[in-house]
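Taking it in order: structure first as structure tokens, then the write-up.
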Amino acid sequence: MDDSSEKTILIVDDEEMVAESYELYLQDDYNTIVELSGGAALMELDQNEVDLVLVDRRMPGMSGDVVIEHIDKWEMDFQVIMVTAVDPDIDIVDMPVDGYLTKPVSEDELVDAVERALSIKHYEDLIAEYNQLAEKYEVLTAEFSSRELANHDRFAELESDMDAIEAEIAETVEKFSDSKLSDAFRRLH
Amino acid sequence: MGPDTCAIYIGSTALGSDIAAAVECGDLSLADTTADGIDAIDAIDDLCCVVTDHDPPAVDCFELLNAVPDVPIILAVSNGTSELATRALRSGAETYLDCSTVTAEPAAIAAAIDRCAADRTHSQEADARIREFSSLVSHELRNPIQKASSGIALAKTQCESEYLDEVEATLSRMDSLVENLVDLLDETDPAIELEAVALDAAIREAWPNAPHATLSVETALPTVEAEPSRLYQLLENLFRNCIDHAGEAVTVSVGALTAADSDEPTGFYVADDGPGIDSHDRTQVFEYGYTTASEGTGLGLAIVNEIATAFDWRVSITESAAGGTRVEISQQNVL
């Protein structure tokens, strides 16, 4: 990803060696923070901005489930990927996570999952931004004639911004490595 | 139909009511016709069985057996014959009950329903135990595999060693083994998808790194229908078993089995020149936990048998030409 170096990944796993290996896999492309407990992870989230959290599910003390419950309750705006040896069950439907990896995970699996989750976040941000501009576009076109609007540079900028975001949305969708996901997004447009 | 309904009786209301009064495992729902009974099946969450006579109103029991093959059917006939019993059981009936041979028909049918309910409860409990064990196995084994893999990744940043690559490959195999074990334990796992696999290539791939052991391919090997990763595991377990029991300098021979009256392949064998297995122990070796090796897990041949069964293959053990063990795997689907 072009801007991945600006992204910060919080790695939460009680096994230090495991957490450090994730850091090794990701540190070339992202800023990484490692915490070895759920409690320490929540304190970190309270103090610093992160873009994605990789969290183990079963940890002594505060489990990964409790960590993601807090993240959900606090309405924090970042991606969460559960990385766990626990086989997924139907309960993951209600789990506020954006990805679920079953241990052991390889470097490729971890990097792919992180890239995909961040791409989805980028896509969601673009959609929100586009909707905001589209709302303004609707209000303005209802209020003024096209001839009147043609005389306003700001309106031309608005149209230009919308075109640019549309193009970026299409580009983002194309970049998803998972064809099922990109197909699903294409159907939405 | 209440939440405690456990079975359906298709037939006369009078007899059905008497049976309902005698059933202990739950409530009995009554249906006049087979069509009504089939409709009622979908509405009951925890159905243990359906009871029907051979000739209830509308249609006979064989149409019921065909319509709901997954539901245990108790065929309770008023005048039975051995032909009817054979046909019913061959068609999938759970229980055949000739009511002319019992003194109290409602009580006998109710007892059959209660037995079905007890069997289902035991089966559900066994399934729950297997699920719990599967979850335990996967979690307790995957965590250390992850930790060891992480250690290898970190160690590689500090030093170069071919041993690290070998350990990494071994961990990868362990991960596959866990996956396969969990699949074997999980009855709800999707059906195995079989494909054509060249056996000679699979054998060479699965042959372990055993510098003192010798692999001898004695005949051309067939192509088999198998799922490649499980076939790999089956072969690896067989080879590992040879080395564990016959020693590191074992000679392992593989070849095709052929039909007695033709050269058509019917399967393959893996034989060694070790001490062999006593004839009376040859079925026990497929049981989980059975081992004669001091460091054996007792899983190797049990997994071989499970995989073979999943492929619709049959495994048997005989004595090899060298007096060792010869495992024969025969199949219907040799290509």
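The values are calculated or read from the model by the stated rules, or taken from the named source; none is laboratory data. Because the structure is predicted, anything quoted here is derived from the model rather than measured. Positions of Cβ are generated from backbone atoms using ideal geometry, with glycine treated the same way; all protein chains shown enter the neighbour counts.
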Check your understanding: Only one of these conditions is not met by A:Ser5: (1) modelled with pLDDT under 90; (2) not in a helix (DSSP H, G or I). Which number is it?
Key -> (2)
Point to revise | Selected residue (only one of B:Ala21, B:Ala67, B:Ala40 is of a type outside the set (S, T, N, Q), modelled with pLDDT under 90 and out of contact with any strand residue (DSSP E or B) (no Cβ under 7 Å at 6 or more places or on another chain)) | key: B:Ala67
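For every residue, the table says whether it meets (1) touching a Pro at 6+ places or on another chain (Cβ under 8 Å); (2) hydroxyl-bearing (Ser, Thr, Tyr); (3) under 18 Å from B:Val304 (Cβ atoms); (4) at pLDDT 90 or above.
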residue: B:Thr188; (1), (2), (3), (4): no, yes, no, no
residue: B:Asp200; (1), (2), (3), (4): no, no, no, yes
residue: B:Thr214; (1), (2), (3), (4): no, yes, no, yes
residue: B:Thr223; (1), (2), (3), (4): no, yes, no, yes
residue: B:Leu234; (1), (2), (3), (4): no, no, yes, yes
residue: B:Ser253; (1), (2), (3), (4): no, yes, yes, yes
**Study point:** So A:Asp87, is it of a type in the set (Asp, Glu), touching a Ser or Thr at 6+ places or on another chain (Cβ under 6 Å) and assigned to a loop (DSSP other than H, G, I, E, B)
**Key:** yes
Check your understanding: How many of the residues making up segment A:94-133 are within 13 Å of the chain's Cα centre (by Cα) and either within 14 Å of another protein chain (Cβ to nearest Cβ) or assigned to a strand (DSSP E or B) (or both)?
Key -> 1
Practice item. Answer yes if at least one residue in segment A:87-103 is farther than 22 Å from A:Glu171 by Cβ, free of Cβ contacts under 8 Å to residues at least 60 places away in the same chain and touching a His at 6+ places or on another chain (Cβ under 6 Å), and no otherwise. Key: no
Review point. So which residues in segment A:15-38 are assigned to a helix (DSSP H, G or I) and touching a Leu at 6+ places or on another chain (Cβ under 8 Å), if there are any at all?
Key: A:Glu16, A:Met17, A:Ala19, A:Glu20, A:Ser21, A:Tyr22, A:Leu24, A:Tyr25, A:Leu26
Exercise for review: Tell me which of these A:Ser63 doesn't satisfy, since it passes every other one: (1) farther than 18 Å from A:Ala113 by Cα; (2) more than 14 Å from every other protein chain (Cβ to nearest Cβ); (3) free of Cβ contacts under 8 Å to residues at least 40 places away in the same chain; (4) of a type outside the set (D, E, K, R).
Suggested key: (2)
Review point. Given the conditions (1) in contact with a strand residue (DSSP E or B) (Cβ under 7 Å, 6 or more places away or on another chain); (2) buried (at least 20 other Cβ atoms within 10 Å of the Cβ); (3) outside any strand (DSSP E or B), which single one is not true for A:Arg58?
Key: (2)
Exercise for review: Any residue in segment B:125-137 that's away from every other protein chain (no Cβ under 12 Å): show its pairings with residues that are not acidic (Asp, Glu) at Cβ separation under 6 Å, as long as the two are six or more apart or on different chains.
Suggested key: B:Ile130/B:Leu185
Review point. Quick one: B:Glu166 ticks every box in (1) away from chain A (no Cβ under 13 Å); (2) outside any helix (DSSP H, G or I); (3) over 30 Å from B:Pro265 (Cβ atoms) bar one, so which box is it?
Key: (2)
Check your understanding: Would segment A:85-92 turn up any residue that is touching a helix residue (DSSP H, G or I) at 6+ places or on another chain (Cβ under 9 Å), of a type in the set (Gly, Ala, Ser), within 11 Å of another protein chain (Cβ to nearest Cβ) and under 28 Å from B:Ser135 (Cα atoms)?
Key -> yes
Exercise for review: Starting from residues that are out of contact with any helix residue (DSSP H, G or I) (no Cβ under 6 Å at 6 or more places or on another chain) and not in a helix (DSSP H, G or I), keep the ones in segment A:62-81 and report whichever is surrounded by the fewest Cβ atoms within 10 Å (Cβ to Cβ).
Suggested key: A:Glu75
Study note, to complete from the structure: Screening B:Ser135, B:Ser150, B:Ser91 for residues that are within 30 Å of A:Arg58 (Cα to Cα), touching a Phe, Trp or Tyr at 6+ places or on another chain (Cβ under 9 Å) and not hydrophobic (A, V, I, L, M, F, W, C) leaves only B:Ser150
Study note, to complete from the structure: Here the residues within segment B:122-162 that are under 18 Å from A:Ser21 (Cβ atoms), loosely packed, with under 14 Cβ neighbours inside 10 Å and hydroxyl-bearing (Ser, Thr, Tyr) are B:Thr157, B:Ser161
**Study point:** Residue in segment B:93-110 that is modelled with the highest pLDDT, counting only those that are of a type in the set (A, V, I, L, M) and surrounded by fewer than 16 Cβ atoms within 10 Å (Cβ to Cβ)
**Key:** B:Ala107
Point to revise | Yes/no for A:Asp28 being of a type in the set (D, E, K, R) and over 27 Å from B:Ser176 (Cβ atoms) | key: yes
